[in-house]
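Shown next, in structure tokens, is the structure this report addresses.
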Amino acid sequence: MKKIAFFCIPAHGHTNPMLPVAAELVRRGHAVKFYSFGDFKTKIEATGAEFVFCDGYLPKLSKEEEEGLKKVSTTEMSIQDIRITLAMNDFLEEEFRSFKPDVVYTDSVCFWGKLNAWKFNVPMVVSTSTFAFNQLSSKYMKNSPAEMADMIFGLPRISKELKTLEPYGYKVNGVLSLVQSDNHTDSVVYTSKYFQPYAESFSDHYAFVGPSVFSEAKPEKKKERPLVYISMGTVINDRPDFYQKCIQALKAMDADVIISCGNTVKKEDLGELPENIQVYPYVNQLEVLQKADVFITHCGMNSVSESLFMATPMVLYPQTGEQQAVAVRTAEIGAGVLLKDDSAAGIQKAVEEILHSAEYATAAEKCSEDFRACGGVSAAVDFIENAPHTSNGEDVVAKLNQANGKFQFFYWMLVIAVITLISIFLKWKFVWVIGVAAGILSTPVMNFVQKKNYEAIVSKKKSTE
């Protein structure tokens, strides 16, 4: 029997995949302590794990900070994570000394879980509730100008907060070391290698186990008429305007519609509902998706994974950079349509495209079969039980960086040589043109070369396996 400490941030999308894992560990006889928050107490205790209240360590937020968290601000989330870590320091020191966990299973953005695992030298496995993101897979994220500004201008604030950790024995190289995936950290990812972008770039320290769900039910799509399900998740769901456009788009359609809008939007706020449309604060999402033919989604990883698990194609309406990455990959495998026009007419067109084109359902079914072949919760628990792991394969990212570094060196040596020749045989006034052109071309050229290097490394790796 092992003692395993679970840590997660107060978010449904991050907590939910960890629950079946906790239940299976308890079933196998392990002692599990789950450090979490009051909203999740009932669910956690239902797994058989020991629930540990952490609500008292949440800092009081100003209105500005609350707004930042509602908008999923990377800066605000990072700062609050650091402050929670400091608030929990004395408590967790005592917990680690008394409970003495053999393994820490922590959410990928739960700083206090990661930092204390490192501080007390306890083997750590990271619970990754979205894609694993490294320098390659992060290319799928298309951050908005506001998100980019938040990250750039927020770095000094985050760096200042990180320095407050040092007197307490926490060693941090930077915020990237706390949030970015690397090839040396044991990680469970709740998707398949097929769905994970650039899966070959991740080492044997990664277990791609497929969706972590309690259900083993199979899709059941046979019914009198199509079912369209709509949900914007549990965080950015205050969108009465969008729900109203969905109602307008689908009210005359020969289909049943279910909208799950959370507690922020009230049913009466949406006006008089047509007979074919039902609105609820929450539903059992897996049960609805089991029968749904189309899912209009914000593209949170949990929601998309559950939709693909139940072979339901999607209308993709991402709200953040991370969700954009999930949406792009879903569209890539043919299991969804990106909603570029969110008017009532645009929504209707997207839903009809999926209902009238069988290839979307076929692609979703293919991914469903792939997910179910991954091992799921049992594979995740096997991986945790056997932590820490070693990697016998080569580090593709390290090898890629080496190849990229060589090319960059030769690229800029060539640029310098061209500039020198032009300055000798022509005039210095033309030199700036070459410099500007080289700078502009460097990014697309580097991206092209990186892609080719990656393909070559992966091809060679596969040929030797």
So the FRET efficiency between His12 and Ile416, C-beta based with R0 = 60 Å and rounded to 0.05, is 0.65
Nearby lysines by direct alpha-carbon distance to Lys251 (threshold 20 angstrom, same-chain neighbours under 8 apart not counted): Lys223, Lys266, Lys267, Lys291, Lys349
Calculate, for segment 117-206, the solvent-accessible area per residue in square angstrom, rolling a 1.4 angstrom probe over the heavy atoms of the protein chains. 49 Å²
Rg and Dmax [Cα atoms of segment 309-431; Å; Rg one decimal, Dmax integer]: 24.8, 69
Hey, what number do you get for the chain at 222 nm if only DSSP H runs of n ≥ 4 count, each worth -39500 (n - 2.57), divided across all residues, to the nearest 500? -15500 deg cm²/dmol
If you count, for each residue, the other Cβ atoms within 10 Å and average over each peptide, how do 77-86, 48-57, 306-315 line up from highest to lowest? 306-315, 77-86, 48-57
Per residue, accessible area of segment 311-465 with a 1.4 Å probe, heavy atoms of protein chains only, in Å², comes to 56 Å²
Sulfur and carbon atoms: percent of accessible area, the chain [1.4 Å]: 55 percent
From the phi angles alone, apply the Karplus equation (6.51, -1.76, 1.60; θ = phi - 60°) to segment 386-393 and give each ³J(HN,Hα) in whole Hz, x where the residue is Gly or Pro. 9, 6, x, 10, 10, 10, 8, x
Non-local amide H neighbours of Val279 (under 5 Å, H modeled in plane, Pro and chain starts lacking H): which ones? Ile259
Does segment 185-335 classify as rounded, prolate or oblate by the C-alpha gyration tensor (a ≥ b ≥ c root eigenvalues; a/c under 1.5 gives rounded; else a/b over b/c gives prolate, otherwise oblate)? prolate
If you scale each eigenvalue of the Cα gyration tensor by 5 and take the root, what three semi-axes come out for the chain, rounded to whole angstrom and sorted largest first? 37, 32, 24
Mind jotting down the three principal axis lengths of segment 112-173 based on Cα atoms? Whole angstrom, largest first. 38, 27, 16
Cα-only radius of gyration and Dmax that characterise segment 319-378, units Å: 13.7, 44
Radius of gyration and maximum dimension Dmax of segment 100-207, Cα, Å: 15.0, 45
Hey, got the dipole for segment 88-186? About the Cα centre, +1 on K and R Cβ, -1 on D and E Cβ, debye to the nearest 20? 300 debye
Non-local residues with an amide H under 5 Å from the amide H of Phe6, with H modelled 1.01 Å from N and Pro and chain starts lacking one, are Lys33, Phe34, Tyr35, Tyr105
Rounded to the nearest 0.05, what FRET efficiency do Ala373 and Val449 give with R0 = 45 Å and r taken as the Cβ-Cβ distance? Could you check? 0.80
Excluding Val304 itself, calculate the net charge of residues whose Cβ lies under 12 Å from the Cβ of Val304, where each Lys or Arg counts +1 and each Asp or Glu counts -1. -1
For a label point 7 Å along the Cα-to-beta-carbon line of Lys460, residues of segment 388-420 with backbone N under 17 Å: 393-408
In segment 166-222, which trypsin sites (Lys or Arg not before Pro) are in a loop and have at most 12 other Cβ atoms within 10 Å, using DSSP for the loop call? Lys171, Lys222
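The values are calculated or read from the model by the stated rules, or taken from the named source; none is laboratory data. A quick note: this is a predicted structure, and the numbers were derived from the prediction, not measured. Neighbour counts run over all protein chains shown; Cβ positions are idealised from the backbone, glycine included. Surface areas here come from the heavy atoms of the whole protein model, side chains and all, with no ligands, DNA or RNA. Shrake-Rupley method; radii C 1.70, N 1.55, O 1.52, S 1.80 Å.
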